[in-house]
Amino acid sequence: MTTTQTQNDIVEDFKVLEEDFEMTLNYLMEIGEKMDDYDEELKSDDNLVKGCQSKVWLSHELKGGKIFFSGDSNTSITKGLLSLLIKIFSGQTPEDILNTKLYFINKTGLCRFIGTQRSNGLEAMENKFKIIALSNK
Amino acid sequence: MNKYPLKKIRDDFPILSSKINNHNLVYFDNAATTQKPKSVIDSISNYYKNYNANIHRGIHTLAEKATEEFEQTRSLIKNFIGASSTKEIIFTRGTTEGLNLISSSLAKFHLKEGDEIIISEMEHHSNIVPWQMIANSNKLTLKVIEVSKEGEINIDHFKSLITDKTKLVSLVYISNTLGTINPVQNIIKICSQHNIISVIDGAQSSAHKKINVKSLNCDFYVFSAHKMYGPTGVGVVFGKEKILEKMPPYMGGGEMIKDVSFSKTSYNDLPYKFEAGTPNIGDVIGFKEAIKYIEDIGIENIESHEISLKKYAEKALNNIDGIKIVGTAKNKIGIFSFITKNVHYYDLGLLLDAKGIALRTGHHCTQPLMDKFDLDGTARLSLAIYNTTDEIDYFVDSLIKLMKR
Ligand SMILES: Cc1ncc(COP(=O)(O)O)c(C=O)c1O
């Protein structure tokens, strides 16, 4: 699956939410809850994503030239967003990660709810994925 | 508020009838900034439409009119806070600029190496950082009054911090995070007994309590228009004339001078000495309408309405399982910081926003206080004149539902 395919799937999944703020938030919390457990020991300063209002940790493993991500957040909504980014980027090569433009935010209506100050967190998360990709190139 | 029923007050604020995410707006972020009544909004646009001109220097009709309106605000504020003269009323951009004005000016002539300044653990960053900056540059010592777990100032600790080197105390009247009303009268009295300059951060008090700087007897009192139904970008420093006279200017430029030559410049009289450059004329004029609005309703009426709202909210919040209120001082206003057992404040803020409820989440610019309570943030509800018990009911209902998820 390419990052484009995954993003298209996400956009499709969000359609039932009809850009309703409350339903969107609840959906994000649900998918966040379904994430794999994250090892407490990985919640280190190194893995912390700087620039989010909530705490976000992201770590990775390199297998056969592809990067696999795992992560966690102390807030449910951010955790949902993180899980989407992990779904998009996990299992991709560093090049593909670096070349990916995240367009699903605009197409799902998420941008309407995640205004400028809130999107800072999202930008910081995206940057962290890309920094990891860059350092594994 | 018989003359001003709540319904009429709410109608005065156009924004209160808006829909947020398909719900009626419930605005509980008043400690950050209050909404503005139509009279304030209209007066600003009226200035730009009908008599926009630069003030003080012009001789034409528009300049005269703008100057008159601008200076009327100064007189109104002088009366509103019970100052002795308009020389004691200096316009700034807000509380933050006011505190910076006082600290940097005093750093140039009064505060010397080894001197001590006292603040408290519950200060807003804007009443911490300016003092830290001059403490660094002038080698001063910054001392901090302890706050109890209820969120009250420890007066005995304050007294124990005073030495013969203590030159200044700067304290918040009402905490923006805890809602605590500090016993500033008492503190100011102790300051004057020891010849210590007293600075009061009035950002949260000016719209909720009757202020009289003469009976408070503080040396400085600082506040922002935008937290009292006025526009952003305007604030006031009240300072006692005899201290302001001695203080050097904060900024140099036009308006604050008498004569300028390359060999010597003489400064203008008070209050203009501290008002370099073209001020925020339109918003100062808008501020006048905000003060008039408060005075029309009567600050005592506002206070009593807000006290009953506070009691109502306090009782309702205390009845919710799994919620902890941070700041339970006996003497407080309707500001409630809280955390819940199972929902992070950040999620709470977004989920309530989806229901049309605006409240603030985070550290509220009081990180040292958050550290003290071992928190990284809270959700904060803060009440104002136009809030209703129905809104509190709706908020409490929504909160309980979210916490049950
Ligand atoms: C207690 C207190 N002091 C100072 C300030 C700073 O005010 P302003 O941002 O208007 O300069 C605030 C505003 O948040 C406040 O609540």
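When the residues of segment A:89-102 are filtered to those that are open to solvent by less than 20 Å² (accessible area, probe 1.4 Å) and closer than 26 Å to A:Phe113 by Cα, which remaining residue is nearest to the other protein chains (Cβ to nearest Cβ)?
A:Phe89
Just the residues that are of a type in the set (Ser, Thr, Tyr) and out of contact with any Gly (no Cβ under 6 Å at 6 or more places or on another chain), please, taken from segment B:164-202. Break it down stepwise before answering.
Just the residues of segment B:164-202 that are of a type in the set (Ser, Thr, Tyr), to begin with: B:166, B:170, B:173, B:175, B:177, B:180, B:192, B:198.
B:Thr166, B:Ser170, B:Ser175, B:Thr177, B:Ser192, B:Ser198, listed by residue number.
If I ask for residues that are within 30 Å of B:Leu16 (Cβ to Cβ) and among the charged types (D, E, K, R), which ones from segment B:34-73 would you list?
Step one: of segment B:34-73, the residues within 30 Å of B:Leu16 (Cβ to Cβ) are B:34-52, B:69-70, B:72-73.
Across segment B:34-73, the qualifying residues are B:Lys36, B:Lys38, B:Asp42, B:Lys49, B:Glu69.
Looking only at segment A:56-83, which residues are within 14 Å of chain B (Cβ to nearest Cβ) and surrounded by 21 or more Cβ atoms within 10 Å (Cβ to Cβ)?
Within segment A:56-83, the subset within 14 Å of chain B (Cβ to nearest Cβ) is A:56, A:72-82.
Answer for segment A:56-83, where residues must be within 14 Å of chain B (Cβ to nearest Cβ) and surrounded by 21 or more Cβ atoms within 10 Å (Cβ to Cβ): A:Val56, A:Asp72, A:Ser73, A:Thr75, A:Ser76, A:Ile77, A:Thr78, A:Lys79, A:Gly80, A:Leu81, A:Leu82.
Could you tell me which of the residues A:Ser83, A:Ser119 is within 14 Å of the chain's Cα centre (by Cα) and modelled with pLDDT of 95 or more?
On the way: A:Ser119 fails: modelled with pLDDT of 95 or more.
Among A:Ser83, A:Ser119, only A:Ser83 is within 14 Å of the chain's Cα centre (by Cα) and modelled with pLDDT of 95 or more.
If you scan segment B:374-398, which residues turn out to be over 25 Å from the mean Cα position of the chain (by Cα) and within 14 Å of chain A (Cβ to nearest Cβ)?
B:Ser398
Filtering segment A:1-53 down to residues that are assigned to a loop (DSSP other than H, G, I, E, B) and among the hydrophobic types (A, V, I, L, M, F, W, C), which residue is farthest from A:Ser135 (Cα to Cα)? Even if it seems obvious, please write down each step before you answer.
Filtering segment A:1-53 down to residues assigned to a loop (DSSP other than H, G, I, E, B) leaves A:1-2, A:18-20, A:34-39, A:43-47, A:49-53.
Cutting the leftovers down to among the hydrophobic types (A, V, I, L, M, F, W, C) gives us A:1, A:35, A:49, A:52.
Numbers: A:Met1: 23, A:Met35: 25, A:Val49: 16, A:Cys52: 22 Å.
So, considering only residues that are assigned to a loop (DSSP other than H, G, I, E, B) and among the hydrophobic types (A, V, I, L, M, F, W, C), the one farthest from A:Ser135 (Cα to Cα) is A:Met35.
Name, by its number, the condition in (1) surrounded by fewer than 21 Cβ atoms within 10 Å (Cβ to Cβ); (2) touching a residue at least 24 places away in the same chain (Cβ under 8 Å); (3) more than 15 Å from A:Lys130 (Cβ to Cβ); (4) away from chain B (no Cβ under 14 Å) that does not hold for A:Ile86.
In the conditions (1) surrounded by fewer than 21 Cβ atoms within 10 Å (Cβ to Cβ); (2) touching a residue at least 24 places away in the same chain (Cβ under 8 Å); (3) more than 15 Å from A:Lys130 (Cβ to Cβ); (4) away from chain B (no Cβ under 14 Å), A:Ile86 misses (3) alone.
Answer yes or no as to whether B:Asp376 is open to solvent by 50 Å² or more (accessible area, probe 1.4 Å), in a loop (DSSP other than H, G, I, E, B) and assigned by TED's automatic domain parsing to the domain that holds B:Leu178. Spell out how you get there, then give the answer.
Numbers: open to solvent by 50 Å² or more (accessible area, probe 1.4 Å): yes; in a loop (DSSP other than H, G, I, E, B): yes; assigned by TED's automatic domain parsing to the domain that holds B:Leu178: no.
No; evaluated as a whole, the condition is false for this residue.
For (1) within 16 Å of the ligand (Cβ to nearest atom); (2) open to solvent by less than 50 Å² (accessible area, probe 1.4 Å); (3) more than 14 Å from chain A (Cβ to nearest Cβ); (4) not small (Gly, Ala, Ser), each residue gets a yes or a no:
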residue	(1), (2), (3), (4)
B:Gly254	no, yes, yes, no
B:Lys258	no, no, yes, yes
B:Gly282	no, yes, yes, no
B:Ile285	no, yes, yes, yes
B:Tyr293	no, yes, yes, yes
B:Ile307	no, no, yes, yes
B:Ala313	no, yes, yes, no
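The rows are residues; the columns are (1) surrounded by 19 or more Cβ atoms within 10 Å (Cβ to Cβ); (2) farther than 14 Å from B:Lys288 by Cα.
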{"site": "B:Pro5", "(1), (2)": "no, yes"}
{"site": "B:Pro14", "(1), (2)": "no, yes"}
{"site": "B:His23", "(1), (2)": "no, yes"}
{"site": "B:Ala66", "(1), (2)": "yes, no"}
{"site": "B:Ser75", "(1), (2)": "no, no"}
{"site": "B:Thr96", "(1), (2)": "yes, yes"}
{"site": "B:Ser104", "(1), (2)": "no, yes"}
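I'd like the residue in segment B:211-248 that is more than 16 Å from the ligand (Cβ to nearest atom) and in a loop (DSSP other than H, G, I, E, B) and, out of all such residues, is least open to solvent (accessible area, probe 1.4 Å).
Looking at residues that are more than 16 Å from the ligand (Cβ to nearest atom) and in a loop (DSSP other than H, G, I, E, B), I get B:Met247.
Looking only at residues in segment B:99-133 that are assigned to a helix (DSSP H, G or I) and over 24 Å from B:Met370 (Cβ atoms), which one is farthest from the ligand (Cβ to nearest atom)? Break it down stepwise before answering.
Step one: filter segment B:99-133 for residues assigned to a helix (DSSP H, G or I), giving B:99-109, B:125-127, B:129-133.
Filter again for over 24 Å from B:Met370 (Cβ atoms), leaving B:101-102, B:104-109.
Values: B:Leu101: 11, B:Ile102: 13, B:Ser104: 15, B:Ser105: 17, B:Leu106: 18, B:Ala107: 19, B:Lys108: 22, B:Phe109: 24 Å.
Filtering segment B:99-133 for residues that are assigned to a helix (DSSP H, G or I) and over 24 Å from B:Met370 (Cβ atoms), the one farthest from the ligand (Cβ to nearest atom) comes out as B:Phe109.
Look at A:Thr24 and say whether it is among the polar types (S, T, N, Q), surrounded by 17 or more Cβ atoms within 10 Å (Cβ to Cβ) and more than 15 Å from the chain's Cα centre (by Cα). Before the answer, list the steps.
On the way: among the polar types (S, T, N, Q): yes; surrounded by 17 or more Cβ atoms within 10 Å (Cβ to Cβ): yes; more than 15 Å from the chain's Cα centre (by Cα): yes.
So A:Thr24 fits the description; yes.
Considering only segment B:316-368, state which residues are crowded, with 22+ Cβ neighbours inside 10 Å, more than 13 Å from every other protein chain (Cβ to nearest Cβ) and out of contact with any strand residue (DSSP E or B) (no Cβ under 7 Å at 6 or more places or on another chain).
B:Thr366 - this is the single residue of segment B:316-368 that is crowded, with 22+ Cβ neighbours inside 10 Å, more than 13 Å from every other protein chain (Cβ to nearest Cβ) and out of contact with any strand residue (DSSP E or B) (no Cβ under 7 Å at 6 or more places or on another chain).
Would you check if B:Val260 is aliphatic (A, V, I, L, M), in the same structural domain as B:Ala83 (by TED's automatic domain parsing), without any contact (Cβ under 8 Å) to a residue 12 or more places away in the chain and over 18 Å from B:Ile89 (Cα atoms)?
Values: aliphatic (A, V, I, L, M): yes; in the same structural domain as B:Ala83 (by TED's automatic domain parsing): yes; without any contact (Cβ under 8 Å) to a residue 12 or more places away in the chain: yes; over 18 Å from B:Ile89 (Cα atoms): yes.
Here the answer is yes, as B:Val260 does meet what is asked.
Considering every residue within segment B:21-40, establish whether at least one is within 14 Å of chain A (Cβ to nearest Cβ), touching a helix residue (DSSP H, G or I) at 6+ places or on another chain (Cβ under 6 Å) and in a loop (DSSP other than H, G, I, E, B).
Yes; the residues of segment B:21-40 include at least one that is within 14 Å of chain A (Cβ to nearest Cβ), touching a helix residue (DSSP H, G or I) at 6+ places or on another chain (Cβ under 6 Å) and in a loop (DSSP other than H, G, I, E, B).
Which residues, taken from segment A:18-55, are among the hydrophobic types (A, V, I, L, M, F, W, C), more than 12 Å from chain B (Cβ to nearest Cβ) and without any contact (Cβ under 8 Å) to a residue 40 or more places away in the chain?
Within segment A:18-55, the first condition is being among the hydrophobic types (A, V, I, L, M, F, W, C), and the residues that meet it are A:21, A:23, A:25, A:28-29, A:31, A:35, A:42, A:48-49, A:52.
Going one step further and asking which of them are more than 12 Å from chain B (Cβ to nearest Cβ), we end up with A:31, A:35, A:42, A:48-49.
Within segment A:18-55, A:Leu42, A:Leu48 meet the criteria.
Report the residue count in segment B:133-154 for those that are within 24 Å of the chain's Cα centre (by Cα) and open to solvent by less than 30 Å² (accessible area, probe 1.4 Å).
Going through segment B:133-154, the residues within 24 Å of the chain's Cα centre (by Cα) turn out to be B:133-135, B:142-154.
Going one step further and asking which of them are open to solvent by less than 30 Å² (accessible area, probe 1.4 Å), we end up with B:134-135, B:145, B:147, B:151, B:153.
Matching residues across segment B:133-154 total 6.
If we scan segment B:56-64, do we find a residue that is part of a helix (DSSP H, G or I), in contact (Cβ under 8 Å) with a residue 24 or more places away in the chain and away from chain A (no Cβ under 14 Å)?
Initial filter on segment B:56-64 (part of a helix (DSSP H, G or I)): B:61-64.
Add one more test, that the residue is in contact (Cβ under 8 Å) with a residue 24 or more places away in the chain, and what stays is none.
No, the conditions are met nowhere in segment B:56-64.
Go through (1) on the phi < 0 side of the Ramachandran plot; (2) away from the ligand (no atom under 16 Å from the Cβ) and name the single condition B:Arg93 misses.
B:Arg93 satisfies all of (1) on the phi < 0 side of the Ramachandran plot; (2) away from the ligand (no atom under 16 Å from the Cβ) except (2).
Among all residue pairs at least 6 apart or on different chains, which show Cβ distances below 7 Å where the first residue, located in segment B:132-149, is of a type in the set (Lys, Arg) and the second is in a helix (DSSP H, G or I)?
That search, which allows pairs on different chains as well, returns B:Lys143/B:Leu161.
The values are calculated or read from the model by the stated rules, or taken from the named source; none is laboratory data. What you are looking at is a predicted structure, and each value in this text was computed from that prediction instead of being measured. Glycine also receives a Cβ, built like all others from the backbone with ideal geometry; neighbour counts cover every protein chain displayed. What goes into the accessible areas is simple: the full protein's heavy atoms, side chains included, and nothing from ligands, DNA or RNA. Shrake-Rupley method; radii C 1.70, N 1.55, O 1.52, S 1.80 Å.
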